[in-house]
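Colleague: Shown below is the structure under consideration.
The values are calculated or read from the model by the stated rules, or taken from the named source; none is laboratory data. All values reported here derive from a predicted model rather than from experimental measurement. Don't worry about glycine lacking a Cβ; one is built from the backbone with ideal geometry, like all the others, and counts go over all protein chains shown.
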Amino acid sequence: MCGIVGIIGRQEVAPLLVDGLKRLEYRGYDSAGIATLVNGSIDRRRAEGKIVNLADRIAQKPIAGTVGIGHTRWATHGRPNEANAHPHASAKVAVVHNGIIENFQELKAELQEHGHGFESDTDTEVVVHLVHYHLDQGMEPVEAVQKALKRLHGAFALGILIAGHHDLLIGARMGSPLAVGFGDGEMYLGSDALALAPLTQRLAYLEEGDMAVLTLDGATFYDVGDNKVERQVRQTALSGALIGKGEHRHFMAKEIFEQPQVIGDTLNAMYNPARGSITLPDLPFDMADVPKVTIVACGTSYYAGLVGKYWIERTARVPVEIDVASEFRYRRPVLQDGGVALFISQSGETADTLAALRHCKAEGQRIVSVVNSPESSMARESDVVLQTNAGPEIGVASTKAFTTQLTVLACFAIALGRAKDTLTPAREKALAAALAEVPGRAAEVLAHDEAIRDIAQFVAEARDVLYLGRGTSYAIALEGALKLKEISYIHAEGYAAGEMKHGPIALIDESVPVIVIAPHDEDDLFEKTASNVQETVARGGQVIFFSDAKGVLRMQDTALHAIAMPEVDPFVAPILYAIPVQLLAYHTAVLKGTDVDQPRNLAKSVTVE
Ligand code: F6R
């Protein structure tokens, strides 16, 4: 979603701002712009579409200035055109904004009454005029911004430039993340560490309600009550060098192929090879006393949670409730005293998941988060962070974040099972050993890349695609369908294979590929799924079958294509079976010629409701 970068420097900032924006592209956006101060006056360049359009505009009409702000916009209020692109500006104030100002209509009406004219359809423009209005009242910039912030309802991160003040850049945060970067005689603002990675590794994150006043010499922080406060400066592990596609054509491909490595990195933090056991970080509660687990997440992270539910209930016999965050937060969920509320999020910033976390915290739940970004809001607000070590995920479609989330959830289920005495030591050892094998087996799965690329030629012709699975493979079917639709724009649905006969079977004909995820398992679900495959084929359905060698042998004459996956303990199968559905979506999208890493309308970090 939208991205912010701001710089007070000693050299021309336009090229650095554009570079920072490029590093924010992965978040998803549909217009971009920068503003600087030139001889005290605000100058701007903005463009609809990709950053290259903005760069062209700047090349045609260069923009000077040693202080500036930049933005990538993902449209919320108003179409994604140049007039609605940020920065928004008056003669005195320029603003970039992530999030939504909920009361903008009311503020706009009030400011119009004071004679302020508006040029865009955005909610952001009210911030410009509100600050301008207070400056007109004779206030100094800091006070004018403080006054304006008090009037804003909603979620925002802001970067503000004031005409005539070359040594000043103001940032503010309420609900959307914002970091201050400390350079060598330069200062920066960024909506994430990645934007600032080539400039500095020294960052301070604003807390909720904070305002930061940046000058060339440093930053002063104010809390929500306008009190001066200190904010810890941390060293981020991200470096500017990390972001490249390697030998791959897309970030998504690179990230799919990184999975053996990052699953291993994630597991290493929790797996003790000498003892063959799983150890979680120290918890501020006793797992043996946990009566219930409530899992909340969105999108792909939600599907990871769904696998987690199957694992936790089977392994630890603890009831698990799971919901998508946007529903959970408004349905007045019944929470159990002493319960664990578990939040799963790659970004750690998804607005609905974060709001659900805060709700559960206020209700006294123990807050555990599975996040990829250790500096995120969710990480900072949780009692316990179970980190996925996936590294930065740039492709909008989540891949390595998903399989590392599964890795962490598997460890959580095992640790809970041990605490609840529902796992024998021998079974714990066996499960831990099965997990330890996953990186190696994942590398074997990736060797099917070419075969899956061939299958994608058939899928790319389809208008609709069905994904079927049972048990944890049902969650992988849902995830496979999501991956395909979001990057190839082919309509796809995931179903519990047993639900086929209750409706979806009506869709089946020769033109509908049916992707079936069917590892052998402890409950003989394989046989039941195999029957569903026969029912599909009897109606002309074209089945693409992912199973182990035994399963493939059974189905090779029935299915159009069958891929033999490695033999593993059924417990870890969902981690491995996620990979072929990622590859299938990837190759289908490449064949369709879509923008694989930045699919239309999507954002990487969804910081609005
Ligand atoms: C799909 C995808 C999204 C995210 C969802 C939650 O490929 O990436 O569905 O999983 O937006 O994002 P996080 O995990 O950052 O909370």
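Colleague: Quick check on the stretch 392-411: of everything there that is within 14 Å of the ligand (Cβ to nearest atom) and hydroxyl-bearing (Ser, Thr, Tyr), which residue is nearest to the chain's Cα centre (by Cα)?
Modeller: Result: Ser398.
Colleague: His520 versus (1) within 16 Å of Phe545 (Cα to Cα); (2) within 16 Å of the ligand (Cβ to nearest atom); (3) surrounded by fewer than 24 Cβ atoms within 10 Å (Cβ to Cβ): which is the lone unmet condition?
Modeller: (2)
Colleague: So which residues in the stretch 268-302 are within 16 Å of the ligand (Cβ to nearest atom) and more than 22 Å from the chain's Cα centre (by Cα)?
Modeller: Hits for the stretch 268-302: nothing passes.
Colleague: For the stretch 551-577, how many residues are out of contact with any strand residue (DSSP E or B) (no Cβ under 9 Å at 6 or more places or on another chain) and part of a helix (DSSP H, G or I)?
Modeller: Total meeting the criteria: 4.
Colleague: Report yes if some residue within the stretch 516-526 is in contact (Cβ under 8 Å) with a residue 12 or more places away in the chain and assigned to a helix (DSSP H, G or I); otherwise report no.
Modeller: Taking every residue of the stretch 516-526 in turn, at least one turns out to be in contact (Cβ under 8 Å) with a residue 12 or more places away in the chain and assigned to a helix (DSSP H, G or I).
Colleague: Out of Glu437, Glu428, Glu393, Glu450, which single residue is charged (D, E, K, R) and closer than 30 Å to Ala197 by Cα?
Modeller: Among Glu437, Glu428, Glu393, Glu450, only Glu393 is charged (D, E, K, R) and closer than 30 Å to Ala197 by Cα.
Colleague: Could you grab me the full set of residues in the stretch 343-359 that are more than 8 Å from the ligand (Cβ to nearest atom), buried (at least 24 other Cβ atoms within 10 Å of the Cβ) and part of a helix (DSSP H, G or I)?
Modeller: Residues satisfying the conditions are Leu354, Ala356, Leu357.
Colleague: When you scan the stretch 326-339, how many residues do you find that are touching a Lys or Arg at 6+ places or on another chain (Cβ under 8 Å) and within 16 Å of the ligand (Cβ to nearest atom)?
Modeller: 0
Colleague: If only one of Gly9, Gly65 is touching a Leu at 6+ places or on another chain (Cβ under 9 Å), surrounded by fewer than 21 Cβ atoms within 10 Å (Cβ to Cβ) and farther than 29 Å from Gly154 by Cβ, which one is it?
Modeller: Gly9
Colleague: Sticking with this one: Which condition does Met270 not pass, out of (1) free of Cβ contacts under 8 Å to residues at least 60 places away in the same chain; (2) in contact with a Cys (Cβ under 7 Å, 6 or more places away or on another chain), if it passes all the others?
Modeller: (1)
Colleague: Moving to a separate point now. Could you name every one of the strands (runs of 3 or more DSSP E) located completely within the stretch 168-244 that has at least 1 residues being under 20 Å from the mean Cα position of the chain (by Cα) and within 20 Å of Pro374 (Cβ to Cβ)?
Modeller: Once the strands (runs of 3 or more DSSP E) in the stretch 168-244 are filtered for at least 1 residues that are under 20 Å from the mean Cα position of the chain (by Cα) and within 20 Å of Pro374 (Cβ to Cβ), what remains is 169-174, 179-182, 187-190, 202-205.
Colleague: In this structure, does Ile579 turn out to be under 17 Å from Glu450 (Cα atoms) and either within 16 Å of the ligand (Cβ to nearest atom) or at pLDDT below 90 (or both)?
Modeller: Judged against the criteria, Ile579 is a match.
Colleague: So, in the stretch 5-24, how many residues would count as being out of contact with any helix residue (DSSP H, G or I) (no Cβ under 6 Å at 6 or more places or on another chain) and not small (Gly, Ala, Ser)?
Modeller: 9
Colleague: How many residues are within 16 Å of the ligand (Cβ to nearest atom) and closer than 21 Å to Asp383 by Cβ when one looks only at the stretch 303-325?
Modeller: Adding up the residues that qualify gives 6.
Colleague: Additional query: Give me the pairs, please: first residue somewhere in the stretch 533-550 and at negative phi, second residue anywhere and among the acidic types (Asp, Glu), beta-carbon distance under 9 Å, and either six or more positions apart or on two chains.
Modeller: Close Cβ pairs satisfying both conditions: Arg539/Asp509; Gly541/Asp509; Gly541/Glu510; Gly541/Glu535; Gln542/Glu510; Asp548/Glu567; Ala549/Glu567; Lys550/Glu567.
For (1) away from the ligand (no atom under 16 Å from the Cβ); (2) β-branched (Val, Ile, Thr); (3) out of contact with any helix residue (DSSP H, G or I) (no Cβ under 6 Å at 6 or more places or on another chain), each residue gets a yes or a no:
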{"site": "Ala341", "(1), (2), (3)": "no, no, no"}
{"site": "Arg366", "(1), (2), (3)": "yes, no, yes"}
{"site": "Ser373", "(1), (2), (3)": "no, no, yes"}
{"site": "Gln387", "(1), (2), (3)": "no, no, yes"}
{"site": "Ala390", "(1), (2), (3)": "no, no, no"}
{"site": "Ala413", "(1), (2), (3)": "yes, no, no"}
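Colleague: Which of the numbered conditions does Ala157 fail, given that it passes all the others? Conditions: (1) among the small types (Gly, Ala, Ser); (2) touching a helix residue (DSSP H, G or I) at 6+ places or on another chain (Cβ under 8 Å); (3) under 18 Å from Leu206 (Cα atoms).
Modeller: Tallying (1) among the small types (Gly, Ala, Ser); (2) touching a helix residue (DSSP H, G or I) at 6+ places or on another chain (Cβ under 8 Å); (3) under 18 Å from Leu206 (Cα atoms), Ala157 fails exactly one: (2).
Colleague: Follow-up. Cβ contacts < 6 Å: first residue touching a residue at least 24 places away in the same chain (Cβ under 8 Å) and closer than 17 Å to Ser398 by Cα, restricted to the stretch 366-377; second residue more than 9 Å from the ligand (Cβ to nearest atom) and part of a loop (DSSP other than H, G, I, E, B), any location; separation 6+ or different chain. Result?
Modeller: Asn372/Thr388; Asn372/Ala390
Colleague: Oh, and also: Taking the condition of being buried (at least 24 other Cβ atoms within 10 Å of the Cβ) and either more than 14 Å from the ligand (Cβ to nearest atom) or in a loop (DSSP other than H, G, I, E, B) (or both), how many residues in the stretch 585-595 meet it?
Modeller: Total satisfying the criteria: 1.
Colleague: While we're on this one: Look through the stretch 473-515, keep the residues that are of a type in the set (Gly, Ala, Ser), within 16 Å of the ligand (Cβ to nearest atom) and part of a helix (DSSP H, G or I), and return whichever of them is nearest to Thr558 (Cα to Cα).
Modeller: The selected residue is Ala477.
Colleague: Filter the stretch 491-512 for residues that are surrounded by 18 or more Cβ atoms within 10 Å (Cβ to Cβ) and within 22 Å of the chain's Cα centre (by Cα) and give the result.
Modeller: Selection gives Ala492, Gly494.
Colleague: Go over the candidates Ala304, Ala288 one by one and state the one that is assigned to a helix (DSSP H, G or I), over 30 Å from Leu484 (Cβ atoms) and in contact (Cβ under 8 Å) with a residue 60 or more places away in the chain.
Modeller: Ala288
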